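The values are calculated or read from the model by the stated rules, or taken from the named source; none is laboratory data. Note that the coordinates shown come from a computational prediction; the quantities given were computed from them, not determined experimentally. Positions of Cβ are generated from backbone atoms using ideal geometry, with glycine treated the same way; all protein chains shown enter the neighbour counts. Note: accessible area is taken over every heavy atom of the protein model, side chains too, but ligands, DNA and RNA are not part of it. Shrake-Rupley method; radii C 1.70, N 1.55, O 1.52, S 1.80 Å.
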Amino acid sequence: MAEIATVARPYAEAVYRVAQQGDVAAWSEVLSELAQLGAHHDVLAFAANPNVVAADVAATVVSLLKSPATAEVNNFVAMLVENHRVSLLPEIYTQFQVLKNTNAGAADANITSAFEIAQPQVAQLVATLEKKFGRKLNPTVTVDSSLIGGVRVVVGDEVLDTSVRAKLQQMHLALAS
């Protein structure tokens, strides 16, 4: 895993530098779409096919985008295809988002709840979490009924787990030892 991150980092940094001179939000959207394509088995198989010319692979990948493809996007995709790096697109997007959030003083927060959370509750939870973590958070909320109750929040490499499942596991470990 570290090897993929290491190889993807220069691409993410280069794209971020280009995005800063233009529209970071537009690049973020394009990279999100490219990451989805780069994770798709059929796209990877097509890109790895030795019978297909690199220019055709790049043109096909760009044609699959919903967002408008600028000359920079076309060049970026062509370079990745030429260097056999299409599979790095998900990691490039992840690292781009980290750079974008770091520059904005923000972080992504993955909030997992045992039950559906109403928007006002999410806003209140995010406000509390922003105070705790000391930065602006971009929340993504998912539901996982196996938590039984409570929430589990992941911000970068920090985890705040107040779920009933986590408390039961702690009790089990305390009783078993």
When the helices in the chain are scored as -39500 (n - 2.57) per DSSP H run of 4 or longer and the sum is shared across all residues, what 222 nm value do you end up with, to the nearest 500 deg cm²/dmol? -19500 deg cm²/dmol
Quick one: putting +1 on the C-beta of Lys and Arg, -1 on the C-beta of Asp and Glu, what dipole do you get for the stretch 1-42 around its Cα centre, in Debye to the nearest 20? 180
What residue among Ala106, Ala19, Ala71 shows peak mean-square fluctuation when the chain is described by a Gaussian network model with Cα springs under 10 Å? Ala71
Students often check this: by mean Cβ neighbours within 10 Å, which of 93-103, 117-127 ranks highest, and how do the rest follow? 93-103, 117-127
Size of charge dipole - the stretch 73-177 - debye, nearest 20, with Cβ of Lys, Arg +1 and Asp, Glu -1, no other charges: 260
Counting Lys and Arg as +1 and Asp and Glu as -1, each charge on the Cβ, what is the dipole of the stretch 98-147 about the Cα centre in debye, to the nearest 20? 300
Take every DSSP beta bridge with both residues inside the chain and express the antiparallel ones as a percent of the total, to the nearest 5. 55
Lys and Arg at +1, Asp and Glu at -1: add these up for the other residues within a Cβ distance under 15 Å of Val61 and post the number. -3
Distance between the stretch 24-94 and the stretch 95-155 - C-alpha centres, whole angstrom: 29
Take peptides 33-43, 163-173 and line them up by average Cβ neighbours within 10 Å, highest first, as a rough protection proxy. 33-43, 163-173
In the neighborhood of Ile111, defined by Cβ-to-Cβ distances under 14 Å, what is the net charge if each Lys or Arg adds +1 and each Asp or Glu adds -1? -4
For the stretch 100-177, count the residues as N, evaluate 2.2 N^0.38 Å, and divide the Cα radius of gyration by that value, please. 1.21
Taking N as the number of residues in the stretch 10-80, what is its alpha-carbon radius of gyration divided by 2.2 N^0.38 Å? 1.09
Give me the percent of accessible area attributable to carbon and sulfur for the chain, probe 1.4 angstrom. 56
Can you tell which of Leu173, Val77, Val57 lies farthest toward the positive end of the dipole of the chain, using +1 and -1 charges on the Cβ of basic and acidic side chains (Lys, Arg; Asp, Glu)? Leu173
What is the ratio of the Cα radius of gyration of the chain to 2.2 N^0.38 Å, where N is its residue count, to two decimals? 1.27
Kirkwood hydrodynamic radius, computed over distinct alpha-carbon pairs, for the stretch 63-133: how many Å, to one decimal? 15.5
